[in-house]
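The next block holds one structure in the form of structure tokens; read it before the comments.
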Amino acid sequence: MDVVIGIDTGTTATKGVAATTTGELRALASVHYPLSVPGPGRAELDPAALVDAALQALTDVARQCRERGDRVAGVALSSFLHALVPMDDAGRALGPVVTWADNRSAAQSRRIAADGAGAALQARTGTPVHPMSPLTKLAWWSETDPDQLRDTPRWGGVKELIVAALTGGPFLVDLSVASGTGLYDIHARQWDPAAVKIAGVRAEQLAEVVPTTSRLTLSTAVTTAAGLPPGTPLIIGAADGPLANLGVGATPPGVAAVSLGTSGALRTVVDRPAADEAGRLFCYALTEDRWVVGGAVNNAGSVVRWASQSLTGVPDPDGSSPVEPADGLDAELLAEAATIPAGSDGLLCLPYFLGERAPWWRPGMRGAYLGLRREHHRAHLVRAAVEGVCQQLALVRDSFEAEGVALTEIRATGGAAASTLWVATLAGTLDLPVSVADIPEGTALGTCLLAWHALGELPDLDRAAALVPTGETTRPDPRDAALYRRLRPLVERSALAVLDVVTELDELAPEPLPGTEKAV
């Protein structure tokens, strides 16, 4: 069969798949690497590890295709958003990849938002002013090491790094990734002069922006190493979030995608760039005429993993802290939590253990339990945490409604979507039917479908909705939905009310001891 290979560079792994024009997966590979946390607020990746992983995934999938007798018609790329990498003129990294999870620019983010520029920037760029964004990361660099900022030939992200490695060609970035930098005017389609000035860089240090369907060519060295024909086309592709919508078939009007991995997101596709005036939603490109609006939350499956680590009493070998639990323990806790009624018997969780993003985009948010009583036990804590995550996604959905974007259906994906409790709670909080996409790698599949679109074999991207299989649909329980609607204003009020308190608590908390930083 004819296939295309999709390479999806994520925060902790690079996935490779081969797919036909009908969305059938013919090959799959995965290469993992650690996320380094070398100090407070830092979250970095080794750029060489990312390049090696992309080449390894490509080579592995290409080998599987040869063994099956499939012909590779092209390769396409996906990458995670909001990364920042100092580079030389050839696109080679001069330092680590600073990821979206890096929080060192929190002070710059607050300052930009406080001086009144934040709302206007988000309206033009579609990216919230937040420590995740390259805009604020560069502003941090401008204040802490202005010489390096000025003298570094190029500043880019993961996509620029991988494109340069696979083609050996020009310094390029796709429209989708550019639209997530906070530096690109999504309406004027150019690097935003005001944002570039705030960042302290020059426009010529940034990559040329090209459409997500742009066709490049793999270098001879890469095709030789991967066993592909010389001249194999490379479709530059898009960012992981928009491609996940395509990969689960959530592109028609009213259909939204929810990802429930370690973190989560709610996204839907619109036909023109749009940024809400209240600054609650992001807007990133899928193609030049398809745009994804939505909001990402920092916490999803991570809250159950926290519960497994913290509430089970399983010590590590030296007895000082919990060990990383098995997935079976997560499932056991979720089964316990499913015995607790909706609303967790009056227990409310603000599940911001890893901070929070949408819909407020306020650095420094922290978790809390409210209404805790003696009668509450472990199952209540877990259920309340799951409900807290789903309520946060419901707040993003409420932001859609405020902008006149109506939703009728949810397609869910990610590890947590395998849990009936997660899916039922999501259906109840969003008050929408939820179907779980029956595919192992939605983002990588979306990368392949975009490649087929670029190659002229999938003219209508909405056709993806019919190509992607889904499981049984879970419909909201009307009583649960009504209860969650009553509780949601309490979530919003309490989250914003305690922000000043947790900010002061953060200032009092000791920094990690030397030697306790680790790779995760």
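Output the Kirkwood hydrodynamic radius of segment 180-309, Cα pairs only, in Å rounded to one decimal. Numbers along the way, then the final one.
On the way: mean 1/r = 0.0578 Å⁻¹.
Kirkwood radius, segment 180-309: 17.3 Å.
Amide H to amide H under 5 Å from residue 35: which residues, 5+ apart in sequence or cross-chain, H placed 1.01 Å off N in plane?
Correct list: 520.
Which Rg and Dmax, in Å, describe the Cα atoms of segment 21-150?
18.9, 60
If one computes P(r) from the Cα atoms of segment 126-255, what percent of pairs lie at distances over 24 Å? Please report the intermediate quantities before stating the final value.
Working: 3171 of 8385 pairs.
Tail of P(r) above 24 Å: 38 percent of Cα pairs.
Show the residues, 5+ positions off or on another chain, whose built amide H is closer than 5 Å to the amide H of residue 352.
For residue 352, whose amide H was placed from the backbone, the distant partners under 5 Å are 367, 368.
Sorting check: for 468-478, 286-296, which peptide has the highest mean count of neighbouring beta carbons within 10 Å, and how do the rest follow? If you can, show how the numbers build up before the last one.
On the way: 468-478: 15.3, 286-296: 22.4.
Answer by packing, highest mean first, reads 286-296, 468-478.
Quick one: the Cα spread of segment 413-455 along its three principal axes, in angstroms, biggest first?
Reported extents, whole Å, longest axis first: 40, 19, 11.
Angle check, please: helix 420-430 long axis (alpha carbons) against the longest principal axis of the chain (alpha carbons), in degrees 0 to 90, nearest 10.
90
Return, for the Cα atoms of segment 216-279, the radius of gyration and Dmax in Å, separated by a comma.
17.3, 51
Before rounding to the nearest 500, sum -39500 (n - 2.57) across all DSSP H runs of length at least 4 in the chain and divide by the residue total; then give [θ] at 222 nm in deg cm²/dmol. Spell out each step's value before the answer.
On the way: 18 runs with 197 residues, N = 520.
My calculation for the chain gives -11500 deg cm²/dmol from helical runs alone.
In the chain, if every C-alpha pair distance is counted and binned at 20 Å from zero, what percent goes to each bin?
23, 58, 19, 0
Could you order 174, 147, 240 so the one with the most accessible surface comes first? Probe is 1.4 Å. Working shown, then result.
On the way: 174 0, 147 85, 240 45 Å².
From most exposed to least exposed: 147, 240, 174.
So if I restrict to the alpha-carbon atoms in segment 84-138, what is the Rg, and what is Dmax, the biggest pairwise distance, in Å?
Every Cα atom of segment 84-138 included, Rg and Dmax give 12.7, 37 Å.
Which residues' amide hydrogens lie under 5 Å from the amide hydrogen of residue 42, considering only partners 5 or more residues apart or on another chain, with H built in the peptide plane?
Amide H to amide H, under 5 Å and 5 or more residues apart or across chains, residue 42 pairs with 103.
With every protein chain left in place and a probe of 1.4 Å, what is the accessible surface of residue 499, to the nearest 10 Å²?
Looks like 10 Å² after rounding.
Please turn the phi angles of segment 258-263 into ³J(HN,Hα) values with the Karplus equation 6.51 cos²θ - 1.76 cosθ + 1.60 (θ = phi - 60°), one per residue in order, whole Hz, x for glycine and proline.
The phi angles translate into 10, 9, 10, x, 4, 10 Hz.
Cβ neighbours within 10 Å, averaged per peptide: list 5-14, 416-425 in order, most packed at the top.
Working: 5-14: 24.7, 416-425: 22.5.
With the highest mean Cβ count within 10 Å placed first, the list reads 5-14, 416-425.
Roughly to the nearest percent, how much of the accessible area of the chain is carbon and sulfur, given a 1.4 Å probe? Intermediate results must be reported in sequence, preceding the final value.
Values: 10820 of 20320 Å².
That share works out to 53 percent.
Working from the alpha-carbon coordinates of segment 380-472, get Rg over Rh, Rh being the Kirkwood radius. List each step's numbers first, then the result.
Values: Rg = 15.5 Å, Rh = 14.9 Å.
We get a ratio of 1.04 for segment 380-472.
Where does each of 358-364, 442-448, 85-91 land if you order them by average Cβ count within 10 Å, highest first? If you can, show how the numbers build up before the last one.
Details: 358-364: 22.0, 442-448: 31.6, 85-91: 17.9.
Per-residue Cβ counts within 10 Å, averaged per peptide and sorted highest first, yield 442-448, 358-364, 85-91.
The values are calculated or read from the model by the stated rules, or taken from the named source; none is laboratory data. Keep in mind that what you see is a predicted model, and the values were worked out from it rather than measured. Counting neighbours? That spans all protein chains shown, and the Cβs are built from the backbone with ideal geometry, glycine included. Heads up: the accessible areas ignore ligands, DNA and RNA and are worked out on the full protein's heavy atoms, side chains in. Shrake-Rupley method; radii C 1.70, N 1.55, O 1.52, S 1.80 Å.
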